[in-house]
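The values are calculated or read from the model by the stated rules, or taken from the named source; none is laboratory data. Note that the structure is a prediction, hence the values are computed from the model and not measured. Neighbour counts run over all protein chains shown; Cβ positions are idealised from the backbone, glycine included.
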Amino acid sequence: MHCPHITTSACYLLGALSNGERQEFYRHAADCAECRQGIDDLLPVVLVLWRTRALLGGPDEDDHWPT
């Protein structure tokens, strides 16, 4: 069975969720092995994107690091 929230892993890591959505997904992922694996799989790619952005001009003040 596939978790319907797995695509939220990318949004979570990219900081594209509202505070409420982020907290809700965080609680969900605590009990969902598939979403935790999605986070683990995507995190290296997201970190490269953040580092590249920082090298090219720096993140905006409103940007958030993945938590």
Of (1) modelled with pLDDT of 90 or more; (2) exposed (fewer than 12 other Cβ atoms within 10 Å of the Cβ); (3) in a loop (DSSP other than H, G, I, E, B), residue 6 fails just (2)
Within segment 9-33, restricting to residues that are more than 9 Å from the chain's Cα centre (by Cα) and either on the phi > 0 side of the Ramachandran plot or among the hydrophobic types (A, V, I, L, M, F, W, C) (or both), the one that is surrounded by the most Cβ atoms within 10 Å (Cβ to Cβ) is 29
